[in-house]
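These notes concern the structure reproduced below.
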Amino acid sequence: MEAKLFFFAIGWWLCCYHPWTNVHGEYYSSVEQMRKLLKLEESLVTSLGQYIKLHEQKIEFLHRQRDLLEKELKKGLKDDIEYSSNPVSAFLMVNRLVNDWERLRAFMDMDVGAKLQNTTEMPTHEDLIGVVEGLARLQDMYELNAKEMASGKLLDRTIGRQLKTAECYEIGNKLTAAKSYRHAVSWLRESLRLWTMDSPGVSKVEVMNALSYALSHQGEYEEALELTQKVLKLQPDNQRALNSKEPLEKWIEYKKQHGLPPPVPEPYVKNYPSLCRGDDQRPAKELAKLRCRYEHNRTPFLRISPLKLQEVNHDPMIVMYHDVISNKEIDAIISISKPLMHRSMVGDDHEKAVSKTRTSSNAWLDDVMHPVVRTLSQRTEDMTNLAMTAAERLQVGNYGIGGHYLPHYDYAVAEEGKEVYPSIGKGNRIATVMYYLSDVAIGGATVFPQLGLGVFPQKGSAIFWYNLHANGTVDHRTLHGACPVFVGSKWVGNKWIHERGQEFRRSCELDPKV
């Protein structure tokens, strides 16, 4: 409204100038003409008053917007990691930066004399879609519903405030744009449930039209048509509803005659979602055999500084070392990594690409970059008794909103006649060491679907396992994935160790079954 009034004021201002600039007579030659100039000046003063009034209204509007934004910002700064990792608050923040701030920028640029300045690149609509895809992933993985998430309370903790009608509508619309129609329906239903005559920012008709569209993509044509008919009762000339009515009627008839196609299978490996939720699927008899102990036999150094070892699984052997990296070392590693972070890629050396199966950013650190990186390499050798001459650089990763890495293998399978990891030239990845550089409030586990186990991040700990059997063949049971991060910022450091150079560290077995 203020923007429209402002344009009206500009038009009024120009109109007031119009008679002045088009007067061709000599005013001084006639008192009567001079009287006209008084009238002209009177109209100019009046229009100037109106112009000032509209600017004051504009400033009042900006004050209100600033207060609202400042209030939300204070909430975020109070606990920036939890706020930034919470998918709902993250969506609202990205949506503000992509849409609301651009509208404010345009509004301020209307002859105010001040412009918004920012040195950081603004997020894009791609970021907005990425956030809602993470939101949908979390809803799937942790069995969350839109009503709970919109309430601001989830899993016995407060994760934000109660969302408004328009905010639920925005989330639903972006989920529709991301073709996540099932989740879009749940958020649009919540928007419709919350809608009242006092709901700002969106009309009931807009919500019903959007919900009808999402339902139609789910094959719920009958309910979609029912909503469309309700819209037409409220607004008989609503073009979107008019365009939807006939196609929906045809789809209903088609559904009666042919049914619906089979549902698309879930993209998740068996056990992955339930393990991410903390469901350890191993029998109690197997768990009872696992032990904790001090590891002091691998290297001479460990005799004076043993490691705290927890057995996670026996076959294949997976262990977790506790308190193996200090907070000071972690801070140094993360500080070095931040300027080097780039979107994580998947694939081999020749065909690496960005993929939605892996949503994180990472950086690669050489031993020569910092003493802490060198120290960590030596510590990895003490933990594993494997030579670091065949190890890759330390990869430091940070996961985003709903950040995950779908189940995968760390080893590679080469094409016939070709070598795995040719750029490294050290053979396959014999083992993996993953350092946990942060705690994660909710989510972020490392799970092994074929073994039925999951390990949740503990800052300062590291998990170690072999990817290959002792005879050099790949171990399919090491399939593992990183679960979506719900609340928190997950930092990890990965050290992948290759097989060449380990001949005297891990003896090769001739038994093909080993």
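The values are calculated or read from the model by the stated rules, or taken from the named source; none is laboratory data. Note that the coordinates shown come from a computational prediction; the quantities given were computed from them, not determined experimentally. Here the Cβ is made from the backbone with ideal geometry for all residues, glycine too, and neighbour counts use every protein chain on show. Please note that ligands, DNA and RNA were not included when accessible areas were found on the heavy atoms of the full protein model with its side chains. Shrake-Rupley method; radii C 1.70, N 1.55, O 1.52, S 1.80 Å.
Roughly how big is the chain's charge dipole about its Cα centre, with Cβ charges of +1 (Lys, Arg) and -1 (Asp, Glu), in debye to the nearest 20? Write down the numbers at each step before the final one.
Working: 65 positive and 66 negative charges, 164 e Å.
Dipole of the chain, to the nearest 20 debye: 780 debye.
Please return the longest stretch of the chain lacking exposed loop sites, where GluC sites (Glu not before Pro) count only if DSSP places them in a loop and at most 11 other Cβ atoms lie within 10 Å.
Maximal segment without exposed cleavage sites: 144-350.
Among M197, A414, L54, whose Cα sits farthest toward the positive end of the charge dipole of the chain (+1 at Cβ of Lys/Arg, -1 at Cβ of Asp/Glu, about the Cα centre)?
M197
Carbon and sulfur together cover what percent of the accessible area of the chain at a 1.4 Å probe radius? Write down the numbers at each step before the final one.
Numbers: 15510 of 28360 Å².
Reported share for carbon and sulfur atoms: 55 percent.
Rounded to the nearest Å, what's the spacing between the alpha carbon centres of the range 400-424 and the range 284-335? Just the number, please.
Comparing the Cα centres of the range 400-424 and the range 284-335, I get a distance of 25 Å.
Using R₀ = 60 Å, calculate the FRET efficiency as 1/(1 + (r/R₀)^6) where r is the Cβ-Cβ separation of E60 and M341; round to 0.05. Please list the in-between numbers first.
Values: r = 41 Å, r/R0 = 0.69.
FRET efficiency, E60 to M341: 0.90.
Please report, in debye to the nearest 20, how large the charge dipole of the range 280-498 is about its Cα centre when each Lys and Arg carries +1 at its beta carbon and each Asp and Glu carries -1 there.
Working: 24 positive and 22 negative charges, 104 e Å.
The dipole magnitude comes to about 500 debye.
If the chain between Q50 and R182 were fully stretched, how many nm would it gain, using 0.36 nm times the residue separation less the Cα-Cα distance? All intermediate terms of the calculation are to be shown ahead of the outcome.
Values: separation 132, 0.36 × 132 = 47.52 nm, distance 5.05 nm.
Separation in residues times 0.36 nm, less the Cα-Cα distance, equals 42.5 nm.
Which of K174/K256; K204/K233; K153/K230; K270/K338; K153/K174 have a Cα-Cα distance over 24 Å?
Values: K174/K256 31 Å; K204/K233 12 Å; K153/K230 32 Å; K270/K338 35 Å; K153/K174 22 Å.
As for pairs spanning more than 24 Å Cα to Cα, those are K174/K256; K153/K230; K270/K338.
Using protein chains only and a probe of 1.4 angstrom, how many square angstrom of Y254 are accessible, to the nearest 10?
The accessible area comes out at roughly 110 Å².
For the range 280-498, with the dipole built from +1 on Lys and Arg beta-carbon atoms and -1 on Asp and Glu ones, taken about the Cα centre, which of T389, P371, Y294 lies farthest toward the positive end?
Looking along the dipole axis, the top candidate is Y294.
Could you work out the percent of alpha carbon pairs in the range 280-498 separated by over 22 Å, rounded to a whole number?
Numbers: 12175 of 23871 pairs.
Roughly 51 percent, rounded to a whole number.
If H55, H498 are ordered by their accessible area, calculated over protein heavy atoms with a 1.4 Å probe, which sequence runs from highest to lowest?
Details: H55 40, H498 0 Å².
If we order H55, H498 from most to least accessible, we get H55, H498.
Using just the helices of the chain, give the 222 nm mean residue ellipticity in deg cm²/dmol: DSSP H runs with n ≥ 4 each add -39,500 (n - 2.57), and the total is spread over all residues, rounded to 500.
Working: 17 runs with 227 residues, N = 514.
Per the formula, -14000 deg cm²/dmol.
On a 0 to 90 degree scale, rounded to 10, what angle separates helix 181-194 from the longest Cα axis of the chain?
Rounded to the nearest ten degrees, it is 50.
To the nearest 10 Å², what's R379's accessible area with a 1.4 Å probe?
Solvent-accessible area, nearest 10 Å²: 50 Å².
Which residue, T158, V185, L69, has the largest displacement toward the positive end of the dipole of the chain when charges sit on each Cβ (Lys, Arg +1; Asp, Glu -1)?
With unit charges placed on the Cβ atoms, the residue in question is T158.
On a 1.4 Å probe surface of the protein chains, which of W251, W101 comes out largest in accessible area, and what is the full order?
Values: W251 120, W101 80 Å².
Ranked from most to least accessible, the order is W251, W101.
On a 1.4 Å probe surface of the protein chains, which of I442, I171 comes out largest in accessible area, and what is the full order? Kindly include the intermediate steps, with their values, before the conclusion.
Values: I442 25, I171 0 Å².
Sorted by accessible area, descending: I442, I171.
Looking at the range 473-505, which chymotrypsin sites (Phe, Trp or Tyr not before Pro) are in a loop (DSSP not H, G, I, E or B) and have at most 15 other Cβ atoms within 10 Å?
On the way: sites: F486, W491, W496, F504; in loops: F504.
For chymotrypsin sites (Phe, Trp or Tyr not before Pro) across the range 473-505 that sit outside H, G, I, E and B with at most 15 neighbouring Cβ atoms in 10 Å, the list reads F504.
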